[in-house]
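Beneath this line is the structure, given in structure tokens, with notes to follow.
Quick note: the coordinates plus some simple rules give every number you see, no bench work behind them. Bear in mind the structure is a predicted one, so any value in this text is a computation, not a measurement. So basically every Cβ, Gly included, is an ideal-geometry build from the backbone, and we count neighbours across all protein chains shown.
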Amino acid sequence: MGKLVFKGVFELDSTGMKMNTIELPPPAPGEPESLQFYRKLLDERKVETAKIVESLPDSRPLVLEIGCGHGHFLASVAAKDPNRYYVGIDVAQGRIQRAKRKSTLLKIPNLEFHLADARLFLSFLNPRQLSQIFVLFPDPFPKERQKKHRLMQDEFLLSCHRVLNTGGNLFFRSDVFAYFQEVLVWMKQHPHLFEPVSSEIWPDAETTVFEKRAENVHSLVFAKK
Ligand SMILES: C[S@@+](CC[C@H](N)C(=O)[O-])C[C@H]1O[C@@H](n2cnc3c(N)ncnc32)[C@H](O)[C@@H]1O
């Protein structure tokens with residue numbers, strides 16, 4: 001099967017692995033086989049994601065990187081900070097496989113990577129379960145008509161707020177100034193939820209794949225109120 005795209009949001013590649021949405025139309029008689037296939041995979045993915053979240057340790061503050069790619073950033077931070085437990089998720093199977101290989105090779109005990117969709121993953125977390133969330137160079141969807149697919153928007157930011165501990169941090173970095181500004185505007189419109197924090201608290205870490213390609217980098221850190 002080739003790559004299928006439903007309504008421009010859902011992506012199912014030939015391995016059925018890149019599925020970055022959790023919404024599907026209700027089942028309807030005579031719906032295409034591809035949609036039935038996708039529905040089944042999505043149900044399986046929900047069960048898998050719930051299991052991953054259930055198995056997370058609660059003995060140390062938990063840090064989540066969303067869209068961790070090959071895991072360079074998180075591996076370098078986790079290795080230096082055994083007091084926290086680090087989890088990286090991504091919807092791209094190839095990237096997560098590489099990240100997993102890396103953590104196995106480096107034998108970092110407080111680090112794990114999983115194939116999971118961010119919105120689904122967040123929905124299974126308990127309120128205040130996380131101490132930090134990193135979102136580094138999320139897909140920018142630069143064209144005006146694609147902007148609605150950006151991750152850092154209302155529903156997602158409210159979910160981040162729900163799962164962060166009071167005082168917990170949301171770190172965001174992008175090379176797209178318009179995206180950076182959009183998040184800043186959202187935060188200014190929701191001062192009762194988050195407050196800005198000095199960028200000095202960014203951990204010293206390995207540069208991400210997309211950061212290496214970036215011409216400019218814009219960073220924001222917020223604390224949950
Ligand atoms: C532009 S890349 C950045 C990767 C990495 N953070 C870096 O800086 O090199 C965006 C990443 O987010 C992942 N991604 C996109 N939507 C996602 C979602 N809903 N849940 C988890 N990961 C997602 C993509 O698969 C991709 O690896």
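Here are some notes:
- Only helical runs count toward this figure. For the chain, summing -39,500 (n - 2.57) over DSSP H runs of n ≥ 4 and dividing by all residues gives -11000 deg cm²/dmol at 222 nm.
- Extension gain, GLU200 back to ARG84 (0.36 nm per residue minus Cα-Cα distance, nm): 39.9 nm
- Taking the number of Cβ atoms within 10 Å of each Cβ as an exposure proxy, the fewest-first ranking of SER76, SER34 is SER34, SER76.
- The largest-to-smallest principal axis extents of the Cα set in segment 131-225 are 34, 34, 19 Å.
- Summarising the amide proton neighbourhood of LEU130: residues at separation of 5 or more, or on other chains, whose placed amide H is nearer than 5 Å comprise LEU164, ASN165.
- Amide H to amide H distances under 5 Å link PHE194 with LYS225, where only residues 5 or more positions off or on other chains count and H is placed in the peptide plane.
- When each full DSSP H helix of the chain is screened for a Cα extent of at least 30 Å along its own axis and an average Kyte-Doolittle hydropathy of at least -0.5, none passes.
- Note on ARG60 and ASP139: with the Förster distance fixed at 22 Å, the Cβ-Cβ geometry gives a FRET efficiency of about 0.15.
- Taking other C-beta atoms within 10 angstrom as a stand-in for reagent exposure, THR104, THR49, THR207 fall in the order THR104, THR207, THR49, fewest first.
- For segment 59-224, dividing the convex hull volume of the Cα atoms by the residue count gives 115 Å³ per residue.
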